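Since the structure comes first, as structure tokens, the remarks are kept for the end.
Please treat every number below as a calculation from the coordinates, not as lab data. The structure displayed is predicted, hence computed values, not measured ones. Please note: Cβ atoms are built from the backbone with ideal geometry, for glycine as well, and neighbour counts cover all protein chains shown.
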């Protein structure tokens, strides 16, 4: 894997082709998210812009689906309000392949997943929506190839895969592929972001659909192994046995010093259950506060909270780099999806 460049991995991702008869329909009042999402999706798959359609009224969307050829596969991304009145009439049409609901009132439409088999999820975050759509298309392509192999009596060669990471920086989705075990997204060629948007504070989310142990290291040095006298790093380690917050600085000999940890089963790396799991790390230098949690980002949902010494305040305020390490055999494991984004 060490010989692969980031661009080799991007080409590997694009090898998963979206069927030519697939059309994407976006229904919403505003087109801002549509344009960003479409451009990013086309950049990462074989889809072309002409395969995307946007309508700002339910009637136009209804007519588009109703009049489409039955051999087409229409993937709908719609606000809940826009699709509510036409869902029943359209759901069982052959040309309607799948539905993704994207809106702010996620809880209101969650019951739809139990009543309509073509609804693939309810989302209020474009990154989660993007990643789930890519995951579903990859799975569908894999199953199709498996069926072909079974029919022909052949066996597919196992593909090399890589961890996929999305960063949402200043409301713009940026996607990267992990070129090695120790990885810094802002060192990837072609990325114009050289540091965290705001020094000394932020929240990092890691979304996993397949459970893989990981380590997040936020530091004041571009090189995570920099042993300068003023180097300082906060480290979150999450695996099946333990979740731990720690520090690495000159005072502890540039070795990891644990500050707090938990071994409770519901507070460490969660088991695979076909659901997304969110792990988050929040740091705020002004108050010397570091928190770790799972699920919704709220102070009362935190699992670990530490307050380093007052003398650490300046060092925390200078944190501006993020590095990630994953424990995963990239050559043999299935594709694992991560999402990382910053507020």
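The table for this structure:
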{"quantity": "Spatial separation of Cα centroids for the range 37-112 and the range 218-274, in angstrom", "calculated": "42"}
{"quantity": "Rel. contact order, % - alpha carbon contacts under 8 angstrom, at least six apart, the range 8-133", "calculated": "23"}
{"quantity": "√(5λ) per eigenvalue of the Cα gyration tensor, the range 8-133, largest first, Å", "calculated": "23, 17, 14"}
{"quantity": "Peptides 122-131, 29-38 ordered by average Cβ neighbours within 10 Å, highest first", "calculated": "122-131, 29-38"}
